């Protein structure tokens with residue numbers, strides 16, 4: 001009765017789905033109160049270091065509820081394994097029957113996170129972008145850039161990594177794109193020359209200390225109370241600090257860290273869904289600084305799991 | 001890489017496992033602080049009525065972590081579907097790799113709950129039992145009685161259901177056992193004549209108002225803040241009120257309801273693991289009244305998922 005769907009089935013199905021549209025609905029649905037999304041479940045491991053997030057919930061009146069388990073085990077690459085992993089489960093909202101196990105190995109989480117990054121960039125990045133900056137060289141660093149191709153014409157990219165090998169491998173993986181990628185190991189350099197910056201690391205201390213007027217930053221790396229990529233001063237100096245879910249920002253991510261530091265207050269936070277639905281104007285001129293702190297919300301998982309499931313079922 | 005294990009594989013594997021022993025380890029491990037068990041995740045649905053529980057965690061130093069999703073949708077029988085459902089997921093604690101999807105359809109949750117009931121009965125029931133009382137006629141009512149056969153010689157049973165058809169079907173399902181089952185639709189009658197009572201319903205109001213000295217009650221039905229089978233006065237009058245997990249009893253189950261009513265206080269609650277490990281004496285004479293309120297703790301799920309997985313993997 002339950003379908004077990006492999007990554008090999010999921011990947012082609014995803015190609016036919018407008019992920020930005022799906023994420024738009026996910027954020028608007030969340031912010032307008034159509035979603036039931038309990039607090040994120042979390043397991044943290046120290047040795048080896050890892051964290052597991054359980055995100056779950058449902059859209060009221062929808063046919064499904066979704067439970068998503070995603071993990072990050074940061075020593076995995078040393079074992080030849082990807083650091084991120086996971087699966088999604090889709091259930092019938094009327095009976096609790098398990099409809100599908102999506103064995104996506106974390107791919108759907110990676111893709112919905114990248115799609116959210118592109119959506120936020122389309123919404124908040126300054127009109128003129130000379131250079132895109134990417135902090136990190138992992139799978140999110142790759143997918144964010146691929147997705148940004150959908151929303152900006154800029155093809156000049158500065159990538160910042162800790163290791164030269166990692167940066168070269170990053171360029172190799174993106175060789176099929178038309179991005180012109182330069183390298184640096186100095187986050188400060190990214191802040192100097194890029195107007196659209198995406199931070200994608202699992203850092204536990206700030207990598208960026210300041211940015212110039214006319215910059216948008218999307219921070220996707222920090223999704224726990226411990227992780228942090230941005231100095232609280234960046235959020236304090238921003239014209240708009242956007243989060244996917246205010247409730248989550250109270251306990252995890254960049255906004256949480258900045259609030260803990262006393263740099264910003266919760267009332268400043270604007271939800272993506274409120275900008276998308278026109279309740280907040282978003283960026284109003286080129287010189288503003290905008291920061292989007294994405295910790296990932298269950299409605300994104302619900303939206304992508306539903307879209308993939310329905311596409312695969314309809315195809316049969 | 002991940003194994004998808006069907007109910008058809010799980011059922012025979014379970015026959016070779018000492019579930020009472022597994023539950024004993026689960027409760028002792030929980031109470032002595034060897035487990036990491038975050039608060040239960042919960043989704044509640046009103047139309048049709050249902051609840052979903054996500055229980056997850058790990059034993060420190062073990063090889064695994066487990067996420068279990070279990071649902072109860074109480075109108076399902078009208079559709080010809082079982083009310084309970086679910087699955088368990090077993091992951092590698094060092095890498096986050098998904099090792100197994102146990103598509104048990106809620107069977108492992110049902111079995112570990114029944115095994116916990118038998119374990120608690122062995123531990124707390126008075127030495128002399130003339131009659132076993134079961135409130136409810138569903139799958140738990142059946143499995144609890146089957147498991148009790150392992151821990152008591154008593155074969156006289158009084159079953160209490162709301163509908164005559166349900167009670168007759170119950171007797172039919174247990175025809176392969178040597179229990180002598182009588183029927184009643186009056187919970188009061190069960191309280192009058194039974195010394196070991198198990199309540200297994202999803203009731204939201206007390207079904208039992210009082211019991212006689214020399215009675216043990218195991219309440220397995222209530223696992224949310226709303227559900228209740230026992231009048232708070234029963235817990236107030238009990239010599240010992242046992243729970244599987246004190247932390248959970250603060251927000252769900254009979255103990256929660258009795259605390260809300262001011263009938264008992266949290267300090268009275270004794271964990272099963274503390275009796276099993278000798279930190280609390282448990283029942284000390286025949287005439288005591290003991291109540292065990294089981295809301296179900298993730299260590300039970302971890303224990304049964306691990307045992308089943310290892311048995312299936314070892315067999316190959």
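Between A:261, A:305, A:298, A:266, the distinction of being under 14 Å from the mean Cα position of the chain (by Cα) and either modelled with pLDDT of 95 or more or not assigned by TED's automatic domain parsing to the domain that holds residue A:116 (or both) belongs to A:298 only. If you go through segment A:239-275 and keep only what is in a helix (DSSP H, G or I) and over 21 Å from residue A:200 (Cα atoms), you end up with A:247, A:260, A:266, A:267, A:268, A:273, A:274, A:275.
Confirm whether residue A:162 is in a helix (DSSP H, G or I) and either on the phi < 0 side of the Ramachandran plot or surrounded by 15 or more Cβ atoms within 10 Å (Cβ to Cβ) (or both). No; evaluated as a whole, the condition is false for this residue. Looking only at residues in segment A:1-24 that are within 13 Å of chain B (Cβ to nearest Cβ) and in a loop (DSSP other than H, G, I, E, B), which one is farthest from residue A:147 (Cα to Cα)? Going through the qualifying residues, I end up with A:1. From the list A:263, A:238, the lone residue that is more than 14 Å from residue A:294 (Cβ to Cβ), surrounded by 15 or more Cβ atoms within 10 Å (Cβ to Cβ) and in contact with a helix residue (DSSP H, G or I) (Cβ under 6 Å, 6 or more places away or on another chain) is A:263. Looking across segment B:213-228, the residues that are at pLDDT 95 or above and in contact with a strand residue (DSSP E or B) (Cβ under 8 Å, 6 or more places away or on another chain) come down to B:215, B:216, B:217, B:218, B:219, B:220. Of the residues making up segment A:142-163, just one is closer than 18 Å to residue A:202 by Cβ and in contact (Cβ under 8 Å) with a residue 60 or more places away in the chain, namely A:144. Being in a loop (DSSP other than H, G, I, E, B), within 14 Å of chain A (Cβ to nearest Cβ) and farther than 20 Å from residue B:243 by Cα is a condition met by at least one residue of segment B:71-79. Scanning segment A:96-120 for residues that are closer than 18 Å to residue A:310 by Cα and touching a strand residue (DSSP E or B) at 6+ places or on another chain (Cβ under 9 Å) yields a count of 12.
Consider only pairs whose beta carbons are under 6 Å apart and that are at least six residues apart or on different chains; among these, list those whose first residue lies in segment A:11-39 and is under 9 Å from residue A:299 (Cα atoms) and whose second residue is assigned to a loop (DSSP other than H, G, I, E, B). These pairs meet every condition: A:30/A:297. When segment B:90-106 is filtered for residues that are in contact with a helix residue (DSSP H, G or I) (Cβ under 8 Å, 6 or more places away or on another chain) and surrounded by 24 or more Cβ atoms within 10 Å (Cβ to Cβ), the ones remaining, listed by number, are B:90, B:96, B:102, B:104. For segment B:164-186, indicate whether the set of residues that are within 30 Å of residue B:248 (Cα to Cα) and either in contact with a strand residue (DSSP E or B) (Cβ under 9 Å, 6 or more places away or on another chain) or in contact (Cβ under 8 Å) with a residue 40 or more places away in the chain (or both) is non-empty. No: segment B:164-186 contains no residue that is within 30 Å of residue B:248 (Cα to Cα) and either in contact with a strand residue (DSSP E or B) (Cβ under 9 Å, 6 or more places away or on another chain) or in contact (Cβ under 8 Å) with a residue 40 or more places away in the chain (or both). All of (1) in contact (Cβ under 8 Å) with a residue 60 or more places away in the chain; (2) out of contact with any strand residue (DSSP E or B) (no Cβ under 8 Å at 6 or more places or on another chain) hold for residue B:210 with one exception: (1).
Every listed requirement among (1) crowded, with 16+ Cβ neighbours inside 10 Å; (2) out of contact with any strand residue (DSSP E or B) (no Cβ under 6 Å at 6 or more places or on another chain) is met by residue B:270 save one, (2).
Summed over segment A:204-230, residues that are under 19 Å from the mean Cα position of the chain (by Cα) and either assigned to a loop (DSSP other than H, G, I, E, B) or more than 25 Å from residue A:118 (Cβ to Cβ) (or both) total 15.
Residues that are surrounded by fewer than 23 Cβ atoms within 10 Å (Cβ to Cβ) and part of a helix (DSSP H, G or I) within segment B:276-305 comprise just one, B:276. Within segment A:81-104, the set of residues being assigned to a loop (DSSP other than H, G, I, E, B), more than 7 Å from every other protein chain (Cβ to nearest Cβ) and at pLDDT 95 or above comprises A:104 only. If I filter segment B:281-290 for residues that are under 24 Å from residue B:84 (Cβ atoms) and in contact with a helix residue (DSSP H, G or I) (Cβ under 6 Å, 6 or more places away or on another chain), do I get at least one hit? No, segment B:281-290 contains no residue that is under 24 Å from residue B:84 (Cβ atoms) and in contact with a helix residue (DSSP H, G or I) (Cβ under 6 Å, 6 or more places away or on another chain). Can you find a residue that is assigned to a helix (DSSP H, G or I), more than 9 Å from every other protein chain (Cβ to nearest Cβ) and either in contact (Cβ under 8 Å) with a residue 40 or more places away in the chain or within 17 Å of the chain's Cα centre (by Cα) (or both) anywhere in segment A:50-60? Within segment A:50-60, not a single residue is assigned to a helix (DSSP H, G or I), more than 9 Å from every other protein chain (Cβ to nearest Cβ) and either in contact (Cβ under 8 Å) with a residue 40 or more places away in the chain or within 17 Å of the chain's Cα centre (by Cα) (or both).
Hey, does segment A:25-40 have a residue that's in a strand (DSSP E or B) and either at the interface with chain B (Cβ under 10 Å from one of its Cβ atoms) or crowded, with 18+ Cβ neighbours inside 10 Å (or both)? The answer is yes, given that some residue of segment A:25-40 is in a strand (DSSP E or B) and either at the interface with chain B (Cβ under 10 Å from one of its Cβ atoms) or crowded, with 18+ Cβ neighbours inside 10 Å (or both).
Within segment B:136-158, the set of residues being farther than 23 Å from residue B:13 by Cα, in contact with a helix residue (DSSP H, G or I) (Cβ under 6 Å, 6 or more places away or on another chain) and surrounded by 24 or more Cβ atoms within 10 Å (Cβ to Cβ) comprises B:137 only. For the condition surrounded by 24 or more Cβ atoms within 10 Å (Cβ to Cβ), in contact with a helix residue (DSSP H, G or I) (Cβ under 6 Å, 6 or more places away or on another chain) and outside any strand (DSSP E or B), residue A:119 qualifies.
Once segment B:61-70 is narrowed to residues that are more than 7 Å from chain A (Cβ to nearest Cβ) and in contact with a strand residue (DSSP E or B) (Cβ under 8 Å, 6 or more places away or on another chain), the residue that is surrounded by the fewest Cβ atoms within 10 Å (Cβ to Cβ) is B:63.
The values are calculated or read from the model by the stated rules, or taken from the named source; none is laboratory data. Note that the structure is predicted; figures quoted are calculated from it, not measured. Positions of Cβ are generated from backbone atoms using ideal geometry, with glycine treated the same way; all protein chains shown enter the neighbour counts.
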